[in-house]
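Written out below as structure tokens is the structure these notes cover.
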Number of protein chains: 2
Amino acid sequence: MEIEFKPIGFVQTDVATVPRHWSISDVEGMIVIDKIYTDGLKYIKIGENIIVIFHFHQSKEFDLHHLIQKPPHRNEKLGVFSSCSPVRPNPIGMSVLEVSGIEGNVIHVKGLDMVDGTPILDIKPMAGLKRDSA
Amino acid sequence: MEIEFKPIGFVQTDVATVPRHWSISDVEGMIVIDKIYTDGLKYIKIGENIIVIFHFHQSKEFDLHHLIQKPPHRNEKLGVFSSCSPVRPNPIGMSVLEVSGIEGNVIHVKGLDMVDGTPILDIKPMAGLKRDSA
């Protein structure tokens with residue numbers, strides 16, 4: 001049973017090295033959405049946080065040795081489903097980005113932890129969630 | 001450019017009708033993960049919230065008329081990327097569930113808004129997010 005998705009757009013940024021997690025990033029860039037979907041962006045507001053679902057397109061292939069991993073910034077092991085590692089059974093990423101502008105099919109964002117060219121799969125509202133700034 | 005994923009597991013619940021959103025659900029059920037991934041669940045704790053990424057496998061096919069939708073419980077139109085509608089370019093869902101127990105490859109959860117048999121694509125920690133209980 002395979003499930004197929006197509007990118008709805010791609011990340012564009014000049015920054016070559018991005019932080020490991022959106023919660024510690026102030027990298028700016030753009031999410032350029034396929035023009036056929038422009039109307040779907042109409043109600044996104046400047047200053048809002050959006051949830052961006054993407055494809056970890058550059059991560060190495062997952063094998064069962066990756067079920068337990070030690071995150072680079074932590075001194076403990078974690079199960080892959082308790083970690084944000086890009087090496088996972090389905091290489092799906094999720095980031096929370098701040099919208100700094102919208103121009104047609106382009107969303108200007110702050111907080112990138114994805115590299116230039118990352119394929120975007122979906123954008124969702126924060127409904128029911130907020131940043132944990134603790 | 002197509003991206004292929006395989007389910008890592010499936011939702012199991014006896015409840016026939018689920019609420020429209022996890023934030024207003026107290027439906028209980030299980031997430032049954034493929035046994036090969038059991039070790040990846042090792043560090044998930046009872047009482048914790050987890051982010052569950054899934055496939056809206058029963059939603060109707062998206063067409064461009066769905067770029068603007070009126071959610072059933074709201075009196076306004078929204079762009080698909082500002083809404084939680086299951087009818088979206090890539091039918092990917094995201095729910096936040098409370099872990100009420102773990103037994104091997106089975107996670108007992110509360111807060112389901114997915115139907116029995118929903119294919120699960122990924123489980124992630126809440127890193128940087130919390131429930132907005134306002």
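Scanning segment A:50-72 for residues being surrounded by 11 or more Cβ atoms within 10 Å (Cβ to Cβ) and either under 19 Å from the mean Cα position of the chain (by Cα) or in a loop (DSSP other than H, G, I, E, B) (or both) gives a total of 13.
Looking at B:G29, B:G101, B:G40, B:G93 in this structure, which one is closer than 17 Å to B:P125 by Cα and under 17 Å from the mean Cα position of the chain (by Cα)? Steps first, please.
Values: B:G29 fails: closer than 17 Å to B:P125 by Cα; B:G101 fails: under 17 Å from the mean Cα position of the chain (by Cα); B:G40 fails: under 17 Å from the mean Cα position of the chain (by Cα).
Every option except B:G93 fails the conditions.
Within segment B:33-49, the residues that satisfy the criterion of being buried (at least 16 other Cβ atoms within 10 Å of the Cβ) and aliphatic (A, V, I, L, M) are B:I33, B:L41, B:I44. Residue pairs whose Cβ atoms lie under 6 Å apart, sitting 6 or more positions apart in sequence or on different chains, and linking a residue in segment A:73-98 that is surrounded by fewer than 17 Cβ atoms within 10 Å (Cβ to Cβ) to a partner that is aliphatic (A, V, I, L, M) and in a strand (DSSP E or B), are A:K77/A:I68. Within segment B:99-131, the set of residues being surrounded by fewer than 17 Cβ atoms within 10 Å (Cβ to Cβ), facing chain A (nearest Cβ under 10 Å) and either in contact (Cβ under 8 Å) with a residue 40 or more places away in the chain or assigned to a strand (DSSP E or B) (or both) comprises B:M126, B:K130, B:R131. In segment B:73-88, of all residues being of a type in the set (G, A, S) and closer than 20 Å to B:M114 by Cα, the one that is nearest to the chain's Cα centre (by Cα) corresponds to B:S85. For segment B:4-49, taking the residues that are facing another protein chain (nearest Cβ under 8 Å) and in a loop (DSSP other than H, G, I, E, B), the one that is farthest from A:P86 (Cα to Cα) is identified as B:H21.
FYI, it's all coordinate maths here, none of it is from the lab. What you see is a predicted model; the values in this text were computed from it and never measured. So basically every Cβ, Gly included, is an ideal-geometry build from the backbone, and we count neighbours across all protein chains shown.
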